1. Please compute the contact order of segment 176-257 in relative form: average sequence separation of alpha-carbon pairs under 8 Å and at least six residues apart, divided by the residue count, as a percent.
2. Relative contact order of segment 18-92: what whole-number percent is it, with Cα pairs under 8 angstrom and at least 6 residues apart?
3. Could you tell me the center-to-center distance, by alpha carbons, between segment 42-75 and segment 1-21 in angstrom?
4. How far, in nm, would the chain grow between ALA109 and THR315 when pulled straight, counting 0.36 nm per residue and subtracting the alpha carbon separation?
5. For segment 145-270, what D do you get in µm² per second when you plug the Kirkwood radius from alpha-carbon pairs into Stokes-Einstein at 20 °C and 1.002 mPa s?
6. Taking H placed 1.01 Å from N in the peptide plane, check which residues at least 5 places from THR182 or on another chain put their amide H under 5 Å from its amide H.
7. What's the FRET efficiency of ALA373 with ASP231 using the Cβ-Cβ distance as r and R₀ = 51 Å, to the nearest 0.05?
8. If one takes the longest principal axis of the Cα atoms in the chain, at what angle in degrees, from 0 to 90 and to the nearest 10, does the Cα axis of helix 94-109 lie?
Amino acid sequence: MSEDLVARFRKLWDEIAPIGRDARSGGYLRYAFTEPELTLRDWFREQAERRGMPVTADGNGNLFARWGDPTAGNAVLTGSHFDSVPHGGAYDGPLGIVSAFLAVDELRAAGSTPVRPLVVAAFAEEEGARFGVPCLGSRLLTGALDPDRAAGLRDADGVSLAEALGDRPAGARPDLLGGWSTFVELHVEQGRALVEQAAPVAVASAIWPHGRWRFDFSGEGNHAGTTRMADRRDPMLTYAFTVLAANKEARLRGAHATVGRVAVEPNATNAIPSKVTGWLDARAAEPETLTGLVEAVRAKAAERARRDGTEVALTEESATPLVAFDGCLADRLAALLDAPVLPTGAGHDAAVLAGHLPTAMLFVRNPTGVSHAPAEGASDADCAAGVTALARVLGELTLGEPTLGEPTCT
């Protein structure tokens with residue numbers, strides 16, 4: 001890896017680093033189709049234009065920049081997303097897009113001309129922070145999400161997805177999917193396994209099954225100062241118990257459970273709530289463990305609601321099954337890069353695409369192990385190593401001459 005590549009990474013990264021950064025928290029507010037994310041989309045188009053890569057949109061908010069014959073099939077797809085969680089880190093998503101453009105530069109500098117076209121993607125609303133459904137753009141593209149349902153999704157201000165897009169989502173695009181042979185997504189690691197293994201880059205093996213569930217707790221709103229404790233029907237108590245139950249049940253099963261979002265009505269200091277809504281994010285290594293975890297939390301919430309004189313309803317908002325990435329492709333890339341192979345508990349657009357074409361992921365070392373928070377990061381040298389790895393992978397897949405022997409996986 002050259003010092004020149006490290007410098008070029010830093011230069012390109014600095015172009016986007018200030019966009020959407022909150023001066024108070026140091027984190028990013030890059031919600032889908034808001035001004036910061038739209039600015040990054042313009043940046044995407046500018047980068048593609050600099051490289052002579054025509055950009056197309058799929059009607060679902062996803063953008064695609066193409067290098068190679070526009071009529072040729074079996075294109076290799078790479079890229080990631082721009083949007084963030086509230087006050088999230090800089091690298092989750094954008095690193096995959098910046099690295100993709102730099103990988104194109106690396107291949108061109110080496111004199112490579114792709115036999116198979118190369119397509120760089122910017123997917124929409126991967127985090128689900130604005131409209132509540134993660135991987136929204138890739139779910140629409142692949143037909144995993146009904147466009148009519150998606151069109152009616154609303155953000156916290158009541159703006160619908162259709163309004164944000166300027167039209168009803170297009171929905172499934174088999175014409176695009178049918179033209180891609182492989183998808184490779186580079187992403188910052190969301191953990192510290194690479195620190196422990198002293199490796200800058202890894203290949204993903206699988207994504208844990210995971211999902212989001214909404215708990216609606218209802219009771220009786222009343223005065224905080226005049227209502228006797230014995231007379232209260234306080235949904236906040238049921239909610240609080242449910243959060244603790246989720247934590248306990250996850251620990252017992254070796255799973256992950258998080259309640260990181262809550263809404264309270266009327267949300268007044270001197271009022272007993274009439275309604276509390278909490279969102280559970282649950283993940284586990286096996287589908288059966290995840291199902292058992294959510295059911296156990298539901299049962300404990302219901303039992304506590306009977307004691308509190310409240311009511312609780314559970315709604316599944318999204319669910320992603322276990323995604324085992326193409327094993328042949330993962331093995332091939334791990335051998336090419338001499339890189340470790342790791343599972344992950346985080347969801348990605350790659351998980352959605354994996355149901356439709358051979359898919360792989362590369363992880364870049366994160367020294368803090370922190371993600372979805374301002375402390376998320378990676379060194380410029382490791383990011384450059386990620387670019388080099390991605391360029392090798394894309395060169396291997398687009399040049400049409402496998403170097404590792406059979407099977408080629410494509």
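1. 16 percent
2. Relative contact order here is 42 percent.
3. So the separation of the two Cα centres works out to 21 Å.
4. Extra length from ALA109 to THR315 when fully extended: 69.0 nm.
5. Diffusion coefficient, whole number: 106 µm²/s.
6. Counting only residues 5 or more places away or on other chains, the set is LEU77.
7. The value I calculate is 0.80.
8. 0 degrees
The values are calculated or read from the model by the stated rules, or taken from the named source; none is laboratory data. Keep in mind that what you see is a predicted model, and the values were worked out from it rather than measured. As a convention, Cβ positions derive from the backbone with ideal geometry for all residues, glycine included, and neighbour counts pool all protein chains shown. Side chains are part of the model used for accessible areas, which takes the heavy atoms of the whole protein and leaves out ligands, DNA and RNA. Shrake-Rupley method; radii C 1.70, N 1.55, O 1.52, S 1.80 Å.
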